[in-house]
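Chemist: I have a structure here, written as structure tokens, and I will follow up with some questions on it.
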Ligand SMILES: Cc1cc2nc3c(=O)[nH]c(=O)nc-3n(C[C@H](O)[C@H](O)[C@H](O)COP(=O)(O)OP(=O)(O)OC[C@H]3O[C@@H](n4cnc5c(N)ncnc54)[C@H](O)[C@@H]3O)c2cc1C
């Protein structure tokens, strides 16, 4: 079993090792100087930070983005070295594509987005898996439509854990709940607020891009003034404007937009002076990161009777479930996903435990020889990246108000943006981009 603090070389190169090293080692020399007095300093070069910078620069403002990692994109990251084909370690689908600014941009830039329905094509159930019949598939689909309505009705009266409203009693209900919670919201229903889930929108339509969504986001950030490998350590906002201390020197700005994930904020790496008010600290704590983790498998050409873009759910007892996106764009890859508490458990166990789990699922589904067709298996480790610490945030039961509190600026100069503040598009890259834009417009009103 692999020690979580000693990543494989491949993980290290991918910047996804269990350690901070890949993200900590600066690629940009310390000699690189920071602009000392931008109008706005933006913390984080993920989707939210990049779109905030674009909006402010279009209005003629001087900005700098301070990014801890040695690349831009944050949780949007495509990398080709590991599998020889572009692979998205983070976000992959352009979701809610009819409202997502990335779809028109991806089309304009020639990425040729592919509409993918994300509806389950096969569900297997049980330790010795049995494939659902068409009737069972239809019933599962109907439950995926019915359960959100039941939850929304409950949300009118109270908040609490979603698990107190939705209790699965049949295999179809179990499968629908796995797909809706660990695989989508990245948390188990017992850890999710009824009201928070009721606010989330249906994320269809969904598109995939063969060159990777991280590549689209990297293009979105091209040419922006980013200082890479520049972790922000302290933000002082007691005097005039905001003074930001980084490992490469200090920046003084009129305002600051913080886009670090709630996981990164909870870690306390960024210290605030004066200390953040209690209501803000509470909001950060009430929006913990969930975890969706990928177990990508590179195969030798075997297809197990599946077609490109098939979506498979293997539902077992005890939340040990796995979803596979199969052979997207005809690539020899099956991308396994685990979510919620089971994803945290596998992260703690390490890459070998995670890949063994996926190979065991293949063996159960497609026979003893199935794992022998796998040439390479990996595991995403977002939980261990200190600048992220999970996949995306969800409100704890009873704490649906946390998103509003997290969004509230402090002293007209500390602003917060990112996926956690994206309203009904929370948790998505499109939502993060829209949040960055909206907050930048608020800042413009303040510093105009
Ligand atoms: C496995 C996985 C699958 C996903 N799938 C999808 C999907 O299919 N579709 C979808 O829409 N979304 C998906 N998401 C979610 C999506 O990736 C995120 O919602 C989005 O990328 C978040 O953008 P952001 O700008 O809010 O945050 P981030 O991308 O996290 O950007 C914040 C930046 O702040 C930096 N930072 C943190 N601390 C500091 C510091 N102290 N100093 C300087 N910089 C700092 C970080 O390094 C990071 O680059 C997925 C996420 C994961 C992890």
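Chemist: State the extension gain, in nm to one decimal, for the chain segment bounded by residue 222 and residue 99, taking 0.36 nm per residue of separation less the distance between their alpha-carbons.
Modeler: 42.0 nm
Chemist: Given R₀ = 51 Å, FRET efficiency for residue 353-residue 441 by Cβ-Cβ distance, to 0.05?
Modeler: So, using R0 = 51 Å, E works out to roughly 0.65.
Chemist: Roughly how tilted is helix 134-155, in degrees to the nearest 10 and between 0 and 90, from the longest Cα axis of the chain?
Modeler: 40 degrees
Chemist: By how many nm would the segment from residue 141 to residue 448 lengthen if fully extended, with 0.36 nm per residue of separation less the alpha-carbon distance?
Modeler: 105.5 nm
Chemist: Using just the C-alpha positions of the chain as equal point scatterers, what log10 of I(q)/I(0) does the Debye formula give at each q in 0.12 1/Å?
Modeler: Here the Debye-derived log intensity ratios amount to -1.00.
Chemist: Using DSSP, restrict attention to beta bridges with both residues in the chain and report what percent are antiparallel, rounded to the nearest 5.
Modeler: On the way: 39 of 61 bridges.
So the antiparallel bridges amount to about 65 percent of the total.
Chemist: Counting helices only, and only those DSSP H runs with n ≥ 4, report the 222 nm mean residue ellipticity of the chain as the sum of -39,500 (n - 2.57) divided by its residues, in deg cm²/dmol to the nearest 500.
Modeler: For the chain, the value works out to -9000 deg cm²/dmol.
Chemist: Taking the 0 to 90 degree range and rounding to the nearest ten, how far is the long axis of helix 47-58 tilted relative to the main principal axis of the chain, both from C-alpha atoms?
Modeler: 40 degrees
Chemist: On to the next question. Assuming R0 = 41 Å, what is the FRET efficiency of residue 210 and residue 233, from their Cβ-Cβ distance, to the nearest 0.05?
Modeler: With a Förster radius of 41 Å, E is 0.55.
Chemist: Would you mind putting 211-220, 358-367, 34-43 in packing order, based on average other-beta-carbon counts within 10 Å, highest first?
Modeler: 211-220, 34-43, 358-367
Chemist: Which parts of the range 350-389 would a label at residue 300 reach, counting a residue when its backbone N lies under 16 Å from a point 7 Å out along Cα-to-Cβ?
Modeler: 363, 367-377
Chemist: Another question about this same structure. Helix 171-180 versus the longest principal axis of the chain: what angle, 0 to 90°, nearest 10, using Cα atoms?
Modeler: Value to nearest ten degrees: 20.
Chemist: Quick check: residue separation of residue 81 and residue 36 times 0.36 nm, minus the Cα distance between them. What number comes out in nm?
Modeler: This chain segment gains 12.5 nm when fully extended.
Chemist: Separate question: Looking at the range 228-296, send over the antiparallel percent of its DSSP beta bridges, to the nearest 5. Don't skip to the answer; put the middle values down first.
Modeler: Details: 9 of 13 bridges.
Just about 70 percent of them are antiparallel.
Chemist: If I take R0 = 30 Å and measure r between the Cβ atoms of residue 281 and residue 149 in this structure, what FRET efficiency does the formula 1/(1 + (r/R0)^6) give, to the nearest 0.05?
Modeler: Taking R0 as 30 Å, the efficiency between residue 281 and residue 149 is 0.30.
Rule-based calculations on the coordinates, nothing more; no lab input. This one's a predicted model, so the numbers in the text were calculated from it and none came from an experiment. Because the Cβ atoms are built from the backbone with ideal geometry, glycine has one as well, and the counts that use them run over all protein chains shown.
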